[in-house]
1. Which ranges mark the helices (runs of 4 or more DSSP H) fully within segment 95-163 that have 3 or more residues being open to solvent by 60 Å² or more (accessible area, probe 1.4 Å)?
2. So which residues in segment 9-41 are free of Cβ contacts under 8 Å to residues at least 40 places away in the same chain, open to solvent by 40 Å² or more (accessible area, probe 1.4 Å) and within 15 Å of the chain's Cα centre (by Cα)?
Amino acid sequence: MNNNDILIRIRYALNLKDGQMVKIFKLGGITLTEEDVKRLLTKVKEEFGFTDAEDEETMVCTNKMLDAFLNGLIIFKRGPQEQKTESTSQPVTIKRNNVNNIVLKKLKIALSLTAEEVISILNLAGVSLSKGELSAVLRKEGHKNYRECGDRYLRNFLKGLAIQYRMVNK
């Protein structure tokens with residue numbers, strides 16, 4: 001899955017409007033217009049490993065933009081974090097190979113989900129995952145038990161999220 005597809009699926013699952021998307025990006029530190037958001041939410045054509053970025057109606061969502069959106073979503077859902085004077089840790093940023101892990105981790109934080117709730121959301125999409133496997137996916141990259149989150153798990157998590165949020169919000 002590419003970043004545009006992830007953004008489209010998150011928007012659908014959480015039933016976010018264009019105005020809310022603009023606000024979330026702004027909270028994450030990136031200023032976009034509603035027109036830019038619409039261009040981001042247009043599927044990017046991927047043929048033979050190349051994206052059609054020259055197409056005027058699409059805009060490629062970079063890792064930096066996706067990271068800003070996820071950080072903005074955390075602030076949008078949970079409010080701004082209180083600053084700690086002794087905090088020296090840097091926020092987790094998306095690297096090239098761990099996009100799915102970070103998206104899953106930040107969605108879990110933004111929606112205040114427990115491990116059991118994440119597992120039940122995956123079960124809604126027909127995927128069974130143990131608590132240990134989920135823990136391995138949510139670990140920091142470089143940890144000895146870290147496992148990479150495949151597209152299948154993220155896709156099914158977003159599908160289960162859409163099922164849960166759309167059933168609850170009806």
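1. Values: elements: 99-110, 115-124, 131-138.
Result: 115-124.
2. Arg11
Residues are listed down the side, and each one gets a yes or a no for (1) under 20 Å from Ile75 (Cβ atoms); (2) modelled with pLDDT under 95; (3) not in a loop (DSSP other than H, G, I, E, B):
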site: Ile6; (1), (2), (3): yes, yes, yes
site: Tyr12; (1), (2), (3): no, yes, yes
site: Leu16; (1), (2), (3): yes, yes, no
site: Gly29; (1), (2), (3): yes, yes, no
site: Lys38; (1), (2), (3): no, yes, yes
site: Thr42; (1), (2), (3): no, yes, no
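The values are calculated or read from the model by the stated rules, or taken from the named source; none is laboratory data. Keep in mind that what you see is a predicted model, and the values were worked out from it rather than measured. Using ideal geometry, Cβ is built from the backbone for each residue, glycine included, and neighbour counts are taken over all protein chains shown. Keep in mind that these areas ignore ligands, DNA and RNA; they rest on the heavy atoms of the full protein, side chains included. Shrake-Rupley method; radii C 1.70, N 1.55, O 1.52, S 1.80 Å.
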